[in-house]
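Following: one structure in structure tokens, then a few remarks.
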Amino acid sequence: MTDVYGIIGHPVGHSRSPAMHNRAFAALGIDAIYVPFAVTPDRLEQAVRGIRGLDLRGMNITLPFKTAIIELLDSVEPDARAIGAVNTIVRDGPKLCGTNTDASGLARALAEAGAPLHGSRATVLGAGGAARACVVGLARAGAREITIAARNAAETVALIAELATAAKPALLTCCEWQPAALGVALAATDLLVQATSATLNGGVVAEAFARALPLHCLPQHAVVVDIVYHPLETSVLQAARAQGLKTLDGLGMLLHQAALSFELWIGRAAPLTEMRAALLELG
Ligand code: NDP
């Protein structure tokens with residue numbers, strides 16, 4: 001019988017996960033299908049009952065449900081709980097267990113690109129769900145110190161308080177959202193991770209955001225990552241590249257978070273080449 005996997009979101013039509021997972025199933029000859037499920041926020045609870053009742057084998061969760069799903073599951077892995085977001089549900093018999101593969105997805109993408117990780121000093125821009133996952137991912141990958149900078153100071157302080165334990169032994173610090181303070185932080189940064197949504201879809205906001213960042217303060221060995229993958233070459237990556245800095249786009253994190261979900265569900269290494277090809281075909 002064909003096993004059914006899927007993703008729950010609202011909207012979900014734009015998701016690149018079905019293409020990646022269906023290509024992976026085909027590549028490994030696994031009799032399974034991955035389906036996008038559009039669920040309105042008032043029907044999340046019913047949808048989770050559906051996962052149980054229909055015996056769906058594994059699920060991804062995307063916006064706006066990554067936090068709301070937590071209380072509907074039987075267990076949640078500690079890092080996902082600290083991040084406050086679940087993006088993957090794994091079955092343990094009848095039980096639904098939540099985890100977050102965005103954090104390790106970033107770490108794997110950085111390792112694959114040869115970015116400095118162990119003992120590094122990182123700066124993360126943003127304090128939303130993705131930024132929180134990035135902080136934990138960097139800490140797990142061995143970053144020594146992680147500075148968080150976001151325009152909402154209260155969110156930044158809350159993030160540090162909530163993630164300090166999960167991020168240990170990495171030291172979490174915050175930086176004011178103004179050019180002089182950012183410049184000081186960037187001067188001591190090996191790895192800059194842009195995790196706000198400011199660069200999404202390009203345009204004037206993205207351009208202004210990149211212009212306002214004192215990227216010239218980064219040391220020449222620094223690597224600049226933008227986890228936004230639409231467009232692939234964001235305004236921040238363009239500005240960093242113009243300065244001769246090494247850059248990494250958001251496709252690697254997207255690929256590796258999917259590969260990690262796949263591996264948790266199937267128990268086999270994900271066919272990365274085929275999954276990456278499926279992603280690239282989507283443009
Ligand atoms: P959220 O909406 O939870 O958070 C967005 C963050 O960006 C907030 O801190 C927000 O600040 C900040 N922000 C938005 N616009 C600006 C701006 N102009 N200047 C400064 N800060 C700004 O989104 P997520 O954290 O879930 O996602 C962020 C991005 O990461 C998304 O665009 C998504 O595409 C990408 N992403 C990529 C993944 C990958 O696998 N590559 C995985 C997950 C996400 P404020 O609160 O003040 O508005």
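Tabulated data
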| quantity | calculated |
| --- | --- |
| Out of Ala111, Ala115, Ala82, sole residue that is open to solvent by 10 Å² or more (accessible area, probe 1.4 Å) and closer than 14 Å to Leu255 by Cα | Ala111 |
| Selection from the range 11-54 of residues that are open to solvent by 50 Å² or more (accessible area, probe 1.4 Å), in contact with a strand residue (DSSP E or B) (Cβ under 8 Å, 6 or more places away or on another chain) and farther than 17 Å from Ser261 by Cβ | Pro11, Gly13, Asp31, Ala38, Arg52, Leu54 |
| Residue within the range 126-133 that is free of Cβ contacts under 8 Å to residues at least 40 places away in the same chain, open to solvent by 10 Å² or more (accessible area, probe 1.4 Å), on the phi > 0 side of the Ramachandran plot and out of contact with any Pro (no Cβ under 7 Å at 6 or more places or on another chain) present | no |
| Residue in the range 192-199 that is open to solvent by 40 Å² or more (accessible area, probe 1.4 Å) and within 17 Å of the chain's Cα centre (by Cα) present | yes |
| Test: residue in the range 152-164 that is hydroxyl-bearing (Ser, Thr, Tyr), assigned by TED's automatic domain parsing to the domain that holds Ala195 and more than 14 Å from the ligand (Cβ to nearest atom) | no |
| Check on Leu255, within 11 Å of the ligand (Cβ to nearest atom) and open to solvent by 10 Å² or more (accessible area, probe 1.4 Å) | no |
| The one condition in (1) surrounded by 14 or more Cβ atoms within 10 Å (Cβ to Cβ); (2) within 19 Å of Met253 (Cα to Cα) that Ile8 fails to fulfil | (2) |
| Residue match in the range 109-118 (condition: assigned to a strand (DSSP E or B) and within 19 Å of the chain's Cα centre (by Cα)) | no |
| Residues (among the hydrophobic types (A, V, I, L, M, F, W, C), within 11 Å of the ligand (Cβ to nearest atom) and open to solvent by 30 Å² or more (accessible area, probe 1.4 Å)) located in the range 210-240 | Ala212, Leu232 |
| From Ala139, Ala122, Ala143, residue being surrounded by 15 or more Cβ atoms within 10 Å (Cβ to Cβ) and touching a residue at least 60 places away in the same chain (Cβ under 8 Å) | Ala122 |
| Residue count for the range 77-92, restricted to those that are among the hydrophobic types (A, V, I, L, M, F, W, C) and in contact (Cβ under 8 Å) with a residue 40 or more places away in the chain | 4 |
| Close pairs (9 angstrom Cβ cut-off, 6 or more residues apart or separate chains): at positive phi in the range 93-118, open to solvent by 60 Å² or more (accessible area, probe 1.4 Å) and at pLDDT 95 or above anywhere | Gly114/Lys246 |
| Verdict on Ala180 being assigned to a helix (DSSP H, G or I), more than 16 Å from the ligand (Cβ to nearest atom) and either over 14 Å from Ala133 (Cα atoms) or open to solvent by less than 70 Å² (accessible area, probe 1.4 Å) (or both) | yes |
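The values are calculated or read from the model by the stated rules, or taken from the named source; none is laboratory data. Please read all numbers here as calculations on a predicted model, not as lab measurements. Every residue, glycine among them, receives a Cβ derived from its backbone with ideal geometry; neighbour counts consider all protein chains shown. The area values use the complete protein model at the heavy-atom level, side chains included, leaving out ligands, DNA and RNA. Shrake-Rupley method; radii C 1.70, N 1.55, O 1.52, S 1.80 Å.
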